[in-house]
Amino acid sequence: MTADVVRPFSLELGDGYQLRLADPVVIETFARIQRTADSRMPFLITGQTGVGKELAARAVHHYSRRVGPLVCINCGALPDALLESELFGHEQGAFTGAYVAKPGLFEEARKGTIFLDEIGELPMRSQGALLRVLDGHSIVRLGGRMQIPFDARVVAATNADMQDAVASGRFRADLYHRLRGLHVHLPPLRDRPADLRLLATELFDAARDDHSLARVPISPLAMQALEAHDWPGNVRELKYAMMLAAIHCGGEALNVSDLPEDMKLRKETFSRRSGPPHDGAPTSFAVGYTLGDELLAIERKRIVQALDAAGGVQTRAAQLLGMPRRSLVRKLKVHRITKTARDTMTH
């Protein structure tokens, strides 16, 4: 796999799933998954909610060439009392209501892959049981004694800070190191502008198709608004936003006014100006130049001043502004600040 950001990269994941990528960091991440998927080591996938951790797990399973199924379970979605029964199964009479024996998901995943999503939510007792399974390569059903051989690839995922969970005693250090055989991290959507543009277009087109509506382009101003949004829900949030936008869009292009409300209030300023005045602030009160416009103009001016004071070094400029460097990088894209633009404003 090569990180070609000019052409989107398509990756087949089996079972009808296909992944399309444009961000070079994420492309390299999935390239690493392809290279290492055939090993027997566990995989740990980290990243915020909605970044695509399940797709990464499907890639691990698909490229591992294991003949068994991919079995998925959300460790945070089941009550503690049921979790071990679901994972490891139970024998008849193991507890009230256990009228028949039932194999667990680890048995169902035989010769395949078991995906433990939200592993950070696993209760401490279940953590010990899981560690015993991983170390002993065998399962004992609840209420049973027979050792059942365990032969499945374990892929775990979490949006939690696992090192913090270990340090605070919420997660066993020995289990964390056992699961962290191979580790990949998926960055948030706000840090993947190439993926954002690709996914926004494809999700918008798909939503228009679903509603039997003609495809129309996304306007440059609307795309700027999408790029400026923080996307706390990542790809899931983007998918929902594009579904709403597809329904509301009635013109020849998707405009800022068609976007969900939480993106409009801050982004409508894009449609009322081509950019802030050269000195970074309005020289007089102009009709259509809102408070939001003025705040954005002031922000842009301060960023340019910080970059000049830091000699163009972004890390130092971010320190002067009191923000993380990645936030500064995102704002440079939003404000379209380049070295040429800085020179124009300061000379």
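Only the coordinates and a few stated rules stand behind these numbers; no lab work does. What you see is a predicted model, and the numbers here were worked out from it, not measured in a lab. No Cβ is skipped: glycine too gets one built from the backbone with ideal geometry, and neighbour counts run over all protein chains shown.
Listed values, structure above:
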{"quantity": "Listed residue (V100, L83, G68) projecting farthest to the positive dipole end of the chain, Cβ model", "calculated": "G68"}
{"quantity": "Spin-label proximity, A206 to region 33-65 - amide N less than 17 Å from point 7 Å beyond Cα toward beta carbon", "calculated": "50-59"}
{"quantity": "Under-27-angstrom lysine pairs by C-alpha in the chain, whenever the two are 8 or more apart or on separate chains", "calculated": "20"}
{"quantity": "Relative contact order (%) - the chain, alpha-carbon pairs under 8 angstrom, separation at least six", "calculated": "15 percent"}
{"quantity": "Potential extension, A160-Y240 segment - 0.36 nm per residue separation minus Cα distance", "calculated": "26.4 nm"}
{"quantity": "Stretchable slack from L82 to A94, in nm (0.36 nm times residue separation minus alpha-carbon distance)", "calculated": "3.1 nm"}
{"quantity": "DSSP-defined beta bridges in the chain - what % are antiparallel, rounded to 5", "calculated": "30 percent"}
{"quantity": "Intensity falloff of the chain expressed as log10 I(q)/I(0), Debye formula with alpha-carbon point scatterers, at q = 0.06, 0.13 Å⁻¹", "calculated": "-0.31, -1.07"}
{"quantity": "Region 190-272: C-alpha gyration tensor shape, a/c 1.5 cut-off, then a/b vs b/c", "calculated": "oblate"}
{"quantity": "Highest-MSF residue in the chain out of T96, T201, T158 [GNM, Cα springs under 10 Å]", "calculated": "T96"}
{"quantity": "Expected 222 nm ellipticity per residue - DSSP helices of 4 or more, -39500 (n - 2.57), all of the chain, to 500", "calculated": "-13500 deg cm²/dmol"}
{"quantity": "At R0 = 51 Å, FRET efficiency that the Cβ-Cβ distance of E108 and D308 yields, to 0.05", "calculated": "0.25"}
{"quantity": "Förster radius 22 Å - calculated FRET efficiency between A31 and T315, Cβ distance, rounded to 0.05", "calculated": "0.20"}
{"quantity": "Stretch gain in nm, segment S168-Y17, where the contour uses 0.36 nm per residue and the Cα spacing is subtracted", "calculated": "50.6 nm"}
{"quantity": "Top of D151, D205, D308 by mean-square fluctuation, Gaussian network on the chain, Cα under 10 Å", "calculated": "D308"}
{"quantity": "Amide H within-cut-off set for H183, under 5 Å, with H built and near neighbours excluded", "calculated": "L44"}
